Amino acid sequence: MWHLAALACGFVLDALLGDPYNMPHIIRLIGSLIATCERVLRRMVPATQAGERAAGVVLVLVVAGTSTATAAALLRAAYRANPWLGFAAETFVCYQMLAAKQLRIEALRVYDALRCEGVHAARKTVSMIVGRDTQDLDEAGVVRAAVETVAENASDGVVAPLLFMALAGGAGGVLYKAVNTMDSMVGYKNERYRYFGTAAARLDDLLNFIPARLTGVLMCLVAPLAGLDGKGAWRVFVRDRLKHASPNSAHPEAACAGALGVHLAGPASYFGVVHNKPTIGDDLRPIEPEDIVRACRLLFATSLAALALCVALRVCALVG
């Protein structure tokens with residue numbers, strides 16, 4: 001019950017506080033570990049395909065193993081010292097593994113920039129939360145990038161960590177976020193990371209296999225509660241959820257596109273190279289800045305549904 005209470009309280013803290021920039025953060029520590037390991041490994045292995053693939057495997061083992069083992073040991077020690085200390089520590093860990101509030105804040109900054117400062121400022125703002133090139137995006141492209149990020153990160157930043165923490169406590173959340181952070185830092189198919197980041201990208205795909213699909217289903221279920229098109233969400237989710245090079249990204253994006261009645265994805269530029277990705281959803285109307293607000297509303301409803309499901313899973317495990 002301590003773990004269940006910590007999960008619920010961590011969710012509430014995230015909803016209230018987000019991620020203040022001046023607060024020490026576990027994810028930033030993991031990011032520093034990844035960067036350090038990358039520098040060391042690149043000096044140690046030959047710059048060949050086989051060497052970089054092997055170094056990428058070592059990176060995954062060291063970062064995921066160190067992060068998870070450290071979190072598990074510290075939480076175990078805290079609970080042994082005092083149950084309330086353990087509860088407080090695990091609540092803090094659970095809070096820092098979630099990103100619903102901060103995702104909403106960053107997305108609405110793009111919305112505010114579009115409304116108050118224009119597309120030029122919005123391009124700079126959206127570049128902070130997406131991996132694609134943004135310097136040539138028009139207003140629709142900026143909105144589409146922000147909405148896609150909200151949809152995809154509903155899985156990566158909320159549903160997946162909730163699920164892992166429901167199954168394995170705070171340390172489970174750290175394991176997931178360590179792998180997810182590695183993918184976001186080295187999992188690119190460019191010249192630098194094509195082979196070095198393979199292990200991180202594939203493990204991230206594996207860990208997100210169930211959460212991504214669960215996120216899509218939850219979005220479809222809660223879309224009417226968010227004032228959006230539930231039937232459209234189901235239709236597009238079933239039809240378009242596999243229309244992506246990634247095995248996972250299109251599931252929440254398809255549900256979100258259907259709920260909004262717009263099309264997402266399509267051609268996008270990464271590191272100066274245009275990728276002709278298929279579109280997701282139906283072009284029932286032009287996408288507009290208000291769709292960012294609607295996507296955030298869908299994110300909030302999906303987050304609550306995911307919390308309820310994870311609490312139910314944890315209770316069932318306790319009863320069983």
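The values are calculated or read from the model by the stated rules, or taken from the named source; none is laboratory data. Nothing here was measured: the structure is a model prediction, and the numbers come from that model. Using ideal geometry, Cβ is built from the backbone for each residue, glycine included, and neighbour counts are taken over all protein chains shown. In case anyone asks, the SASA skips ligands and DNA or RNA and just uses the protein heavy atoms, side chains included. Shrake-Rupley method; radii C 1.70, N 1.55, O 1.52, S 1.80 Å.
Could you please let me know if residue 123 is in a helix (DSSP H, G or I), open to solvent by 10 Å² or more (accessible area, probe 1.4 Å) and under 18 Å from residue 297 (Cβ atoms)?
On the way: in a helix (DSSP H, G or I): yes; open to solvent by 10 Å² or more (accessible area, probe 1.4 Å): yes; under 18 Å from residue 297 (Cβ atoms): no.
So residue 123 fails the test.
Residue-wise test of (1) free of Cβ contacts under 8 Å to residues at least 24 places away in the same chain; (2) open to solvent by 20 Å² or more (accessible area, probe 1.4 Å).
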position: 78; (1), (2): yes, no
position: 83; (1), (2): no, yes
position: 92; (1), (2): no, yes
position: 110; (1), (2): no, no
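Being at pLDDT 95 or above and not in a loop (DSSP other than H, G, I, E, B) is the filter here; which residues of the stretch 247-263 pass it? Break it down into steps so the answer makes sense when it comes.
First, pick out the residues of the stretch 247-263 that are at pLDDT 95 or above: 251-262.
Matches in the stretch 247-263: 251, 252, 253, 254, 255, 256, 257, 258, 259, 260.
So that you can scan it fast, the table gives a plain yes or no per residue for (1) buried (at least 19 other Cβ atoms within 10 Å of the Cβ); (2) basic (Lys, Arg):
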{"position": "185", "(1), (2)": "no, no"}
{"position": "202", "(1), (2)": "no, yes"}
{"position": "209", "(1), (2)": "no, no"}
{"position": "228", "(1), (2)": "yes, no"}
{"position": "237", "(1), (2)": "yes, no"}
{"position": "251", "(1), (2)": "yes, no"}
{"position": "260", "(1), (2)": "yes, no"}
{"position": "265", "(1), (2)": "yes, no"}
{"position": "270", "(1), (2)": "no, no"}
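Has the stretch 94-104 got any residue that is of a type in the set (Phe, Trp, Tyr), crowded, with 16+ Cβ neighbours inside 10 Å, touching a Leu at 6+ places or on another chain (Cβ under 7 Å) and modelled with pLDDT of 95 or more?
yes
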Quick one: is residue 306 in a helix (DSSP H, G or I) and open to solvent by less than 10 Å² (accessible area, probe 1.4 Å)?
yes
List every residue pair whose Cβ atoms lie under 6 Å apart, where the two residues are 6 or more positions apart in sequence or sit on different chains, the first residue falls within the stretch 32-49 and is at pLDDT below 95, and the second residue, located anywhere, is small (Gly, Ala, Ser).
45/51; 45/55
Can you give me the number of residues within the stretch 268-285 that are over 18 Å from residue 242 (Cβ atoms) and at pLDDT 85 or above?
3
Candidates 183, 156, 205 - the one that is acidic (Asp, Glu), closer than 23 Å to residue 304 by Cβ and either touching a Pro at 6+ places or on another chain (Cβ under 8 Å) or in a helix (DSSP H, G or I) (or both):
156
Test each condition in (1) of a type outside the set (Phe, Trp, Tyr); (2) touching a helix residue (DSSP H, G or I) at 6+ places or on another chain (Cβ under 9 Å); (3) more than 18 Å from residue 179 (Cα to Cα); (4) at pLDDT 95 or above for residue 161 and report the one that comes out false.
(3)
Looking only at the stretch 9-58, which residues are more than 21 Å from residue 179 (Cα to Cα), buried (at least 16 other Cβ atoms within 10 Å of the Cβ) and of a type in the set (Gly, Ala, Ser)?
15, 18
Only one of (1) open to solvent by less than 50 Å² (accessible area, probe 1.4 Å); (2) in a helix (DSSP H, G or I); (3) within 25 Å of residue 32 (Cβ to Cβ) fails for residue 114. Which number is that?
(3)
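Would you point out the residue of the stretch 164-182, among those that are open to solvent by 10 Å² or more (accessible area, probe 1.4 Å) and modelled with pLDDT of 95 or more, that is nearest to residue 2 (Cα to Cα)? Spell out how you get there, then give the answer.
Taking the stretch 164-182 first, the residues open to solvent by 10 Å² or more (accessible area, probe 1.4 Å) are 164, 167-168, 171, 175, 177, 180-181.
Right, trim to modelled with pLDDT of 95 or more and you get 164, 171, 175, 177, 180-181.
Values: 164: 16, 171: 14, 175: 20, 177: 21, 180: 26, 181: 27 Å.
Only one residue fits best here, namely 171.
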